[in-house]
Amino acid sequence: MKRAALFCLAVLVFAGSAYASRKDEITLVLVPREDSVIRLGLDIFQRYPTLLVSYDVQPNGAASFHGWTGKEWVNITPEAFKAGDFFRTGPDSALIIDEGAQLPEAYIPAESWCGSVYKITTTEIRPLLHLTGQYYDFKYKDWKWFSENYKMSMEAINPEGLNVAWYHKQLGDNLKKGPVAADDLQFWVAVRHPVDPVEPVVAVETNQVEMVEEPATNIQEEVMSNPLTNSVPEAIVLGPGDAEDGGE
């Protein structure tokens with residue numbers, strides 16, 4: 001018998017550690033049913049408030065979804081996924097891993113239940129770690145943990161040296177920006193950005209004449225800055241998570 005699609009968001013908090021810039025947000029992390037990518041999703045789940053969902057798309061376009069409760073994978077019907085009826089606390093944003101546009105447009109999270117949506121269009125682990133780390137603004141301990149556990153150099157997964165201070169480096173060891181930093185951005189897509197609300201025109205009454213504040217002609221709606229940049233922030237977070245196979 002299939003389990004109900006509704007499941008609780010499990011948020012694991014580590015004593016003495018702090019989440020990075022997205023610590024107060026819930027992110028829907030949507031990953032294809034590939035072992036290496038599911039492993040990354042599980043590792044992210046250990047560090048940030050996450051709705052982790054795996055998907056599989058058949059050649060005929062039919063899709064199936066499973067959500068991770070923290071202990072097991074449970075079935076989510078395609079209808080429940082499209083309607084956003086599979087969680088108790090909804091996501092603030094979604095990060096979709098989707099190489100080759102496998103996921104049909106119908107399953108891009110609806111704006112009614114997920115404000116901003118971003119996509120990484122590769123499942124190759126090195127650029128995937130690089131872009132995911134930028135999205136979450138990994139601190140040094142995160143970069144170090146992923147570097148060691150995925151057996152890749154810090155320079156490979158963090159070519160900008162984000163949050164790597166001088167005292168984290170050995171004498172004469174400098175992280176240098178290379179073409180890989182910009183090249184990986186070809187795999188980054190901002191599907192939907194939230195926009196800042198526009199201030200309403202306010203009518204102001206006086207005892208002389210009625211005055212209406214006219215909107216400035218050159219005011220434009222500002223789009224929220226892309227959370228994925230090549231800028232270098234500052235400063236540090238944490239431990240492991242066992243990879244489990246995302247079975248049926």
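Quick notes on this structure:
- Filter result for Ile108 (at pLDDT 95 or above and in contact with a helix residue (DSSP H, G or I) (Cβ under 7 Å, 6 or more places away or on another chain)): no
- Residue match in the stretch 164-174 (condition: at pLDDT 90 or above and in a helix (DSSP H, G or I)): no
- Considering residues of the stretch 31-86 that are under 23 Å from Ile125 (Cα atoms), of a type in the set (Gly, Ala, Ser) and crowded, with 17+ Cβ neighbours inside 10 Å only, the residue nearest to the chain's Cα centre (by Cα): Gly41
Results for (1) surrounded by fewer than 21 Cβ atoms within 10 Å (Cβ to Cβ); (2) within 18 Å of Tyr48 (Cα to Cα); (3) among the aliphatic types (A, V, I, L, M), shown as yes or no for each residue.
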site: Leu103; (1), (2), (3): yes, no, yes
site: Ala106; (1), (2), (3): yes, no, yes
site: Pro109; (1), (2), (3): no, no, no
site: Leu128; (1), (2), (3): no, yes, yes
site: Gly133; (1), (2), (3): no, yes, no
site: Asp142; (1), (2), (3): no, yes, no
site: Glu148; (1), (2), (3): yes, no, no
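- Top-ranked residue in the stretch 106-126 [being in contact with a Leu (Cβ under 9 Å, 6 or more places away or on another chain) and in a loop (DSSP other than H, G, I, E, B); ranked as farthest from Asp35 (Cα to Cα)]: Cys114
- Qualifying residue in the stretch 82-93 (condition: of a type in the set (A, V, I, L, M, F, W, C), closer than 30 Å to Ala62 by Cβ and in a loop (DSSP other than H, G, I, E, B)): yes
The values are calculated or read from the model by the stated rules, or taken from the named source; none is laboratory data. The shown structure was predicted, so the numbers you read here are calculated from the model rather than taken from an experiment. Neighbour counts are summed over all protein chains in view; Cβ atoms, including those assigned to glycine, are modelled from backbone coordinates with ideal geometry.
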